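Below: one structure, written as structure tokens.
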Amino acid sequence: MRTVLVIGGTGTIGSAVVRELGKRHRVITAGRSSGDHRVAIEDIDSVQALFAATGRVDHVVVAAGALHVGPLGAMTHQQFRVGLDSKLMGQVNVTLVAQHALNDGGSITLTSGVDAHNPLRGCANTVAVNNGIEGFASGAAIELQRGLRINVVNPSLLEESAEQFESLFHGLETVPANRVARAYSRCVEGAESGKTYRAW
Ligand SMILES: NC(=O)c1ccc[n+]([C@@H]2O[C@H](COP(=O)([O-])OP(=O)(O)OC[C@H]3O[C@@H](n4cnc5c(N)ncnc54)[C@H](OP(=O)(O)O)[C@@H]3O)[C@@H](O)[C@H]2O)c1
């Protein structure tokens with residue numbers, strides 16, 4: 001049994017990951033206002049404080065991070081920064097700290113999204129950020145030390161989120177959270193590194 005930290009562990013994806021990995025591992029969760037620990041991933045000091053509070057863990061999963069969805073013609077600099085600062089830099093921050101805080105042979109699992117490879121209207125920020133996450137992981141994988149691995153799960157729209165986002169993503173195939181959770185399990189419990197696993 002290993003210890004897995006799931007950041008965003010109370011969310012739609014995160015809670016399914018907690019259910020799946022909790023069958024075989026000790027799982028602890030973190031969020032801005034929910035879970036076992038408090039963290040704001042866009043704040044590097046907060047991420048450092050999180051790992052200081054948890055002590056050494058074996059694996060970390062990030063299922064958190066905000067994006068901006070809206071038409072390019074009306075997009076502001078500040079709106080584009082939402083995805084960069086939260087979902088991209090948030091997950092980079094976790095990786096930068098976790099590489100020194102995880103036990104040997106551990107893993108980092110990040111989250112992108114289906115639109116990275118299937119652009120939709122209003123998704124210039126999300127496409128850029130989700131591709132950035134996948135690119136970051138492939139670059140980081142070849143430099144991680146001590147047998148650490150890093151991978152990305154790229155989920156389609158979850159069945160559980162379809163109603164919330166249906167006006168934005170008409171026609172997109174949905175995927176159940178328990179299937180998405182198995183892709184996270186593969187990242188944590190598998191052997192590969194630098195990969196993006198599609199859960200579509
Ligand atoms: N749901 C989908 O259909 C879908 C599909 C593809 C990709 N994704 C991606 O997957 C990620 C999670 O999506 P979700 O639908 O599961 O989200 P969600 O249901 O809104 O849950 C988000 C989780 O992350 C935590 N959180 C949010 N912002 C945070 C921050 N800045 N720092 C630390 N924790 C934070 C939340 O807890 P607190 O509220 O306590 O902070 C919550 O536990 C997102 O990046 C999203 O883009 C989602």
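The values are calculated or read from the model by the stated rules, or taken from the named source; none is laboratory data. Since the model is a prediction, treat every value here as computed from it, not as a measurement. Counting neighbours? That spans all protein chains shown, and the Cβs are built from the backbone with ideal geometry, glycine included. Just the protein is used for accessible areas: all its heavy atoms, side chains included, with ligands, DNA and RNA removed. Shrake-Rupley method; radii C 1.70, N 1.55, O 1.52, S 1.80 Å.
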**OP:** State whether the residues of region 160-171 include one that is within 8 Å of the ligand (Cβ to nearest atom), open to solvent by 80 Å² or more (accessible area, probe 1.4 Å) and under 19 Å from the mean Cα position of the chain (by Cα).
**Re:** yes
**OP:** For residues that are crowded, with 21+ Cβ neighbours inside 10 Å and among the polar types (S, T, N, Q), scanning just region 141-155, find the one that is nearest to residue 24 (Cα to Cα).
**Re:** 151
Subject >> Matching option when the condition is in contact (Cβ under 8 Å) with a residue 24 or more places away in the chain, farther than 28 Å from residue 58 by Cβ and of a type in the set (S, T, N, Q), among 125, 103, 151 >> reply: 125
**OP:** Go through region 180-190 and give me each residue that's out of contact with any helix residue (DSSP H, G or I) (no Cβ under 9 Å at 6 or more places or on another chain) and open to solvent by 90 Å² or more (accessible area, probe 1.4 Å).
**Re:** 186
Original post:
Based on what the data block shows, is residue 106 farther than 14 Å from residue 12 by Cα, under 18 Å from the mean Cα position of the chain (by Cα) and away from the ligand (no atom under 15 Å from the Cβ)?
Top reply: yes
**OP:** Working carefully through the options 74, 40, 52, 63, find the one that is at pLDDT 95 or above and under 25 Å from residue 182 (Cβ atoms).
**Re:** 63
Original post:
Filter region 109-127 for residues that are under 15 Å from the mean Cα position of the chain (by Cα) and small (Gly, Ala, Ser); which is nearest to residue 173 (Cα to Cα)?
Top reply: 113
Subject >> Residues being modelled with pLDDT of 95 or more and open to solvent by 50 Å² or more (accessible area, probe 1.4 Å) - total across region 104-132 >> reply: 2
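Would region 141-160 turn up any residue that is among the aliphatic types (A, V, I, L, M) and over 15 Å from residue 95 (Cβ atoms)?
Among the residues of region 141-160, at least one is among the aliphatic types (A, V, I, L, M) and over 15 Å from residue 95 (Cβ atoms), which makes the answer yes.
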